[in-house]
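Asks: This structure is in structure tokens; I'll ask about it shortly.
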Amino acid sequence: MAAAGHGSPSSSLPRRDPPRPPRDGYGVYVYPNSFFRYEGEWKGGKKHGYGRLVDRDGQAYWGWFHDNQRHGQGHMVFRNGDEYEGDWVRDQRQGHGVLRCADGSTYEGQWHGDVFSGLGRMTLCSGAVYRGMWINGHPAAQARRIVILGPEVMDVAQGSSFDLNVQLQQDSGEVAESEDGRVLKISAGVRYVQLPAYSEVSFFKVDKDNPETPFQTPFGFECIAYPLWSPKSGALEPRAALESARGDPLLPGGDREPAAASDTSRGQRDIPGGPPGEARGCEPHCPKDCRRVEQGCARFSDVCLGPPPPGYSPVLFLDDPREKAGGRPRGGLGPGRTPTTQDPPGGSRPDGAATAEPAAAAFPGEYVVMIRDVTDPPFLGHVLPTAFKHLRVSGKGTDRQPPIPGEGPESLS
């Protein structure tokens, strides 16, 4: 009869305990049921002193440990390619450190509780820079809106250029001086008008082959894309400018904003030094119709509205139908006036009258200029809302402002 306790043969084999980490001094230990391998100093069976901890996915830490936790100076490479070098306290980044992201962005400054906290500088691969205070991982003085300085309505003489001063402002209204490098793009539109008496008449009558979708402005009227153009700077021709406008990406919220070339290439300069991301193949780009922000400010100089592009037929209004036979139409938009479409440049009139000269500048009327945040990628994932400025162009050599559709006397004598 078999003695009690004599079961299967395996029960008689000696039992093996899992390997234990070294007690003190230098040693190597592979953690069971995990991918981690530690090589370094030990104290009382715990990681303590200088060592290196790696896993099979390439994540690694080398630096100082205390009581099994990363503590002191250390260098960490994360699975996504980001790298951190700096201070650690009880397994969290705390103190001063540098984070180099896989996309080329960097942060150097203070940390607390594993997030940015205190004074620090972040340079993104887009070229945008924030330097200043951080609270719980967020910049304390981040820009929230774009503001175009100047009067509510800018008055510009026909054919004249103008300057735009732009600020990035915080919620408090203060200038976001801590920000550099955001890319701001300028574009323009012309008021789209449809009068009840002439259902197919607008300020600009657009050819069927060049459809334009009106977009809403904060001034209570709609606009269609219009080119900003100056031959002196070698900017886009009107046709190319409009094609560029139509090709712009959708705005947040699903609204399309037209953009066009402008005379903004003079005086443009890149942010000195550039972000570390350039070494990894990420080069910030700033097109001719854009400006980079410096200390929360930007300036667009010598901006000029171009002549009407091909496909845009300006609709002028006469004070009296009899003025048609008297030569070139005069006057601006207003109720009670007779509409007439200007002949295209180089065309001929069927009644044998003189051919109209090509337009050399924008016609008197109402326009808008828009400044849009096109920083790519967006600064910390946040795109600033587009800023609008109402622009009113008066006739060349006159001080009279163009009438606004729907206002004024019902008829002129």
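The values are calculated or read from the model by the stated rules, or taken from the named source; none is laboratory data. Note that the coordinates shown come from a computational prediction; the quantities given were computed from them, not determined experimentally. As a convention, Cβ positions derive from the backbone with ideal geometry for all residues, glycine included, and neighbour counts pool all protein chains shown. Protein only, heavy atoms only, side chains kept; ligands, DNA and RNA dropped before computing areas. Shrake-Rupley method; radii C 1.70, N 1.55, O 1.52, S 1.80 Å.
Asks: Projected onto the charge dipole of region 26-138 (+1 at Lys/Arg Cβ, -1 at Asp/Glu Cβ, origin at the Cα centre), which of ALA60, VAL98, GLY45 gives the Cα projection farthest towards the positive end?
Replies: GLY45
Asks: Related question: Quote the FRET efficiency, to the nearest 0.05, computed for TYR50 versus HIS382 with a Förster distance R0 of 60 Å and r equal to the Cβ-Cβ distance.
Replies: Rounded to the nearest 0.05, the efficiency is 0.90.
Asks: So, one more: Using a 1.4 Å probe over the heavy atoms of the protein chains, calculate the carbon and sulfur portion of the accessible area of region 51-144 as a whole percent.
Replies: Carbon with sulfur: 47 percent of the solvent-accessible area.
Asks: For region 57-152, what is the Kirkwood estimate of the hydrodynamic radius, computed as the reciprocal of the mean inverse distance between distinct Cα atoms, to one decimal in Å?
Replies: Evaluated on region 57-152, it is 14.6 Å.
Asks: While we're here: Compute the FRET efficiency between ASP114 and VAL147 as 1/(1 + (r/R0)^6), taking r as their Cβ-Cβ distance and R0 = 45 Å, and round to the nearest 0.05.
Replies: 0.80
Asks: Another one. If you project the alpha carbons of region 109-191 onto their three principal axes, what span does each projection cover, largest first, in Å?
Replies: 58, 27, 19
Asks: Stick to Cα atoms and the Kirkwood definition of Rh, then tell me Rg/Rh for region 29-82.
Replies: 0.97
Asks: Sticking with this one: Accessible area per residue of region 41-106 at 1.4 Å probe, in Å²?
Replies: Ligands and nucleic acids excluded, the result is 51 Å² per residue.
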